[in-house]
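Okay, so here's the structure we're looking at.
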Amino acid sequence: MIQIAIDGPSGAGKSTVAKALAKKLGIVYVDTGALYRTIGYAAVSRGISTKDAVAMQALLSDIQIDVKYEDGIQCVYLNGENLGDRIRRPEISMAASDVSAIPAVRAFLLDTQRDIARRNSVVMDGRDIGTVILPDADVKIFMVASAEARAARRTKELEEKGMPASYEDVLREMKERDAQDSGRAIAPAIPAPDAIHLDNSGMSVEESVQAVIDLIAPHLHKL
């Protein structure tokens, strides 16, 4: 089996590339961001402050998160309900960043993520996969792109999903989240010491996937 960890800032294309890579290799894709987004959604929908660690810890005892793979696609269920694209709204992205800085939330999801990786060959993306979740991953990639390139991608993605947002608003939120994610005390979004950096600012999805395949080629015999 093989474990591939892809970390990096919001909007760098980690999920898109990881998903396409997993499909090409025929292995499991784990969208860890969706797990945090689901908890953020649960808090927002109940009017709970995502910065209130005490309230968030209480919330965890009242929710159940299940990960299922349907036609090879990861679906995250909150108390039995598949939330779909509701967790992709910009305000839920910020909520996810908030809750991911709370130790109780990270502990709540840690075993779920590691258990999937123990049972499957995986491509897992997030902020701290190579540093915390899978420190012994076979390959660790830290994927980056300029804030402007990431904001343009996210604006297009939201528009295609019927959730239009202005480029300026997305860029502002992107920079705010970068500062929050990289500067937090708990699991900051920084590369593992042995991570390979990949800047895909000017790359298409196909080019990004091929670049990752080239980087992991020496390890593919483990599949």
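Would you check which residues across the stretch 78-90 are in contact with an Asp or Glu (Cβ under 9 Å, 6 or more places away or on another chain) and touching a residue at least 40 places away in the same chain (Cβ under 8 Å) and list them?
LEU78, ARG88, PRO90, listed by residue number.
Can you tell me how many residues within the stretch 72-88 are among the basic types (Lys, Arg) and either more than 25 Å from ASP178 (Cα to Cα) or surrounded by fewer than 18 Cβ atoms within 10 Å (Cβ to Cβ) (or both)? Break it down stepwise before answering.
In the first step, residues of the stretch 72-88 are kept if they are among the basic types (Lys, Arg); the result is 86, 88.
Within this subset, residues satisfying the condition of being either more than 25 Å from ASP178 (Cα to Cα) or surrounded by fewer than 18 Cβ atoms within 10 Å (Cβ to Cβ) (or both) are 86.
So the answer is 1.
Taking the stretch 190-213 as the search range and keeping residues that are open to solvent by 50 Å² or more (accessible area, probe 1.4 Å) and of a type in the set (A, V, I, L, M), which one is farthest from ILE92 (Cα to Cα)?
Per the criteria, the residue is ILE196.
Give the stretch 113-148 a look and list any residue that's open to solvent by 50 Å² or more (accessible area, probe 1.4 Å) and within 19 Å of ILE186 (Cβ to Cβ), or say none.
Answer for the stretch 113-148, where residues must be open to solvent by 50 Å² or more (accessible area, probe 1.4 Å) and within 19 Å of ILE186 (Cβ to Cβ): ARG114, THR131, VAL132, PRO135.
With respect to THR50, determine if the residue is open to solvent by 10 Å² or more (accessible area, probe 1.4 Å), out of contact with any strand residue (DSSP E or B) (no Cβ under 8 Å at 6 or more places or on another chain) and under 26 Å from ALA104 (Cβ atoms). Steps first, answer last, please.
On the way: open to solvent by 10 Å² or more (accessible area, probe 1.4 Å): yes; out of contact with any strand residue (DSSP E or B) (no Cβ under 8 Å at 6 or more places or on another chain): yes; under 26 Å from ALA104 (Cβ atoms): yes.
For THR50, the condition - open to solvent by 10 Å² or more (accessible area, probe 1.4 Å), out of contact with any strand residue (DSSP E or B) (no Cβ under 8 Å at 6 or more places or on another chain) and under 26 Å from ALA104 (Cβ atoms) - is met.
Would you say ALA187 is modelled with pLDDT under 90, outside any helix (DSSP H, G or I) and open to solvent by less than 50 Å² (accessible area, probe 1.4 Å)?
yes
Answer yes or no: is there a residue in the stretch 154-172 that is among the aromatic types (Phe, Trp, Tyr) and touching a residue at least 24 places away in the same chain (Cβ under 8 Å). Walk me through how you get there before you give the answer.
If we filter the stretch 154-172 for residues that are among the aromatic types (Phe, Trp, Tyr), which is where we start, we get 167.
Narrowing the set further to residues that are touching a residue at least 24 places away in the same chain (Cβ under 8 Å) leaves none.
No, the stretch 154-172 contains no residue that is among the aromatic types (Phe, Trp, Tyr) and touching a residue at least 24 places away in the same chain (Cβ under 8 Å).
Inside the stretch 21-41, can you point out the residues that are open to solvent by 30 Å² or more (accessible area, probe 1.4 Å) and at pLDDT 95 or above?
TYR41
Would you point out which residue out of ALA195, ALA187, ALA211 is free of Cβ contacts under 8 Å to residues at least 60 places away in the same chain and among the hydrophobic types (A, V, I, L, M, F, W, C)?
Answer to the check: ALA211.
Please determine, by comparing only the residues of the stretch 155-184 that are assigned to a helix (DSSP H, G or I) and hydrophobic (A, V, I, L, M, F, W, C), which one is nearest to the chain's Cα centre (by Cα).
MET174
Considering only residues that are among the hydroxyl-bearing types (Ser, Thr, Tyr) and modelled with pLDDT of 90 or more, look in the stretch 51-92 and name the one that is nearest to LEU158 (Cα to Cα).
In this case the residue turns out to be TYR77.
Do the conditions hold for ALA211, that is, is it aliphatic (A, V, I, L, M), at pLDDT 95 or above, on the phi < 0 side of the Ramachandran plot and touching a strand residue (DSSP E or B) at 6+ places or on another chain (Cβ under 9 Å)? So that I can check it myself, show each step before the final result.
On the way: aliphatic (A, V, I, L, M): yes; at pLDDT 95 or above: yes; on the phi < 0 side of the Ramachandran plot: yes; touching a strand residue (DSSP E or B) at 6+ places or on another chain (Cβ under 9 Å): yes.
Yes: the conditions hold for ALA211.
The values are calculated or read from the model by the stated rules, or taken from the named source; none is laboratory data. Keep in mind the model is a prediction, meaning the values are calculated, not measured. Using ideal geometry, Cβ is built from the backbone for each residue, glycine included, and neighbour counts are taken over all protein chains shown. Heads up: the accessible areas ignore ligands, DNA and RNA and are worked out on the full protein's heavy atoms, side chains in. Shrake-Rupley method; radii C 1.70, N 1.55, O 1.52, S 1.80 Å.
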